[in-house]
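For reference, the structure discussed in these notes is given below.
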Amino acid sequence: MGPAPDPLKSVCVFCGSSEAADPSYLRAASELGRALATAGLRLVYGGGGVGLMGATARGAHEAGGKVLGIIPDFLVGRERALDMVETVVVASMHQRKQMMFENADAFVILPGGIGTLEEVVELLSWRRLDLHAKPVVFYNPDGFWTTLFALFQHTVDSLLTPPEFMDSWTSVDRVEDIIPALRGFAPEKPGAAPAVARVT
Ligand code: AMP
């Protein structure tokens, strides 16, 4: 009998669109794109060519990886959709997020701004509602996301979020640890939510 099939095929990356981001974040995004390609994992991302989004997609594409971009039509110009990768143009932000969710087995959060925050908070809130059990890994260079984790903990300490929520994501501070962390995540415990669920 051969090895079990790899359940991880597509990884969605949420990250910033700013060109002014710290160059080390842009380099890390590109490095992650290359690592996904090398691991044979398809990148699913927001379809733009700018900031960390563009760096991740170019890194994956240039290393021979598969890339799927999903972008709303009103952002095609503003976020400079990349024409060298497969890109689906949708009508709204909501459609974009739903399609990104449905096309990915796992999620990586790189440094980003308000758009990235919105995406990850929605993803984790779906997790909180047992709508999915897909792995979520934050890349946390220089403690970039630590204040967000503290805010999550504050809502737990205030008895507004169940403590198990803090186990629904992991955080790493080196790019080379991201894919192993995605693979090491084991949400399929007895009683855990199914890996894919209806999101309407
Ligand atoms: P930012 O982190 O603000 O640079 O945004 C990162 C990405 O998130 C960009 O592609 C934004 O277009 C996207 N974004 C911002 N808000 C939303 C939203 N409500 N739904 C889907 N994507 C969003």
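Can you tell me which residues in region 96-115 are within 9 Å of the ligand (Cβ to nearest atom) and either more than 14 Å from G51 (Cβ to Cβ) or buried (at least 22 other Cβ atoms within 10 Å of the Cβ) (or both)? Walk me through how you get there before you give the answer.
Quick first cut of region 96-115, residues within 9 Å of the ligand (Cβ to nearest atom) only: 96-97, 100, 111-115.
Listed by number, the residues that qualify are R96, K97, M100, P111, G112.
Would you mention how many residues in region 109-131 are assigned to a loop (DSSP other than H, G, I, E, B) and either under 11 Å from the mean Cα position of the chain (by Cα) or farther than 21 Å from V156 by Cα (or both)? Show your work before the answer.
The initial filter retains those residues of region 109-131 that are assigned to a loop (DSSP other than H, G, I, E, B), namely 110-113, 129-131.
Of the ones still in play, those that are also either under 11 Å from the mean Cα position of the chain (by Cα) or farther than 21 Å from V156 by Cα (or both) are 110-113.
Number of matching residues: 4.
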- Unmet criterion (only one of (1) within 16 Å of the ligand (Cβ to nearest atom); (2) not in a loop (DSSP other than H, G, I, E, B)) for E79: (2)
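Just to check your reading of the model, which residue among G46, G59 is buried (at least 20 other Cβ atoms within 10 Å of the Cβ) and within 18 Å of E119 (Cα to Cα)? Outline the logic, then answer.
Numbers: G59 fails: within 18 Å of E119 (Cα to Cα).
Going through G46, G59 in turn, the sole match is G46.
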- Message: Which residue is farthest from the ligand (Cβ to nearest atom), if the candidates are limited to region 82-95 and must be aliphatic (A, V, I, L, M) and outside any strand (DSSP E or B)?
- Response: M84
- Message: Within region 5-18, does at least one residue satisfy the condition of being touching a strand residue (DSSP E or B) at 6+ places or on another chain (Cβ under 9 Å), without any contact (Cβ under 8 Å) to a residue 40 or more places away in the chain and hydrophobic (A, V, I, L, M, F, W, C)?
- Response: no
- Message: Looking at (1) at pLDDT 95 or above; (2) of a type in the set (A, V, I, L, M, F, W, C); (3) crowded, with 21+ Cβ neighbours inside 10 Å, which one does A91 not meet, given that it meets all the others?
- Response: (3)
- Message: For region 11-66, give me each residue that is within 13 Å of the ligand (Cβ to nearest atom) and in a helix (DSSP H, G or I).
- Response: Y25, L26, A29, G51, L52, M53, G54, A55, T56, A57
- Message: Just checking, does region 39-49 include any residue being free of Cβ contacts under 8 Å to residues at least 60 places away in the same chain, more than 14 Å from A104 (Cβ to Cβ) and among the aliphatic types (A, V, I, L, M)?
- Response: no
- Item | Residue ID - farthest from the ligand (Cβ to nearest atom), chosen from residues in region 128-164 that are among the charged types (D, E, K, R) and touching a residue at least 60 places away in the same chain (Cβ under 8 Å) | D130
- Message: Consider region 9-40. How many of its residues are under 13 Å from the mean Cα position of the chain (by Cα) and of a type outside the set (V, I, T)?
- Response: 9
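The values are calculated or read from the model by the stated rules, or taken from the named source; none is laboratory data. Keep in mind it's a predicted model, so treat the numbers as computed, not measured. Virtual Cβ from ideal backbone geometry, glycine too; neighbours counted across all protein chains shown.
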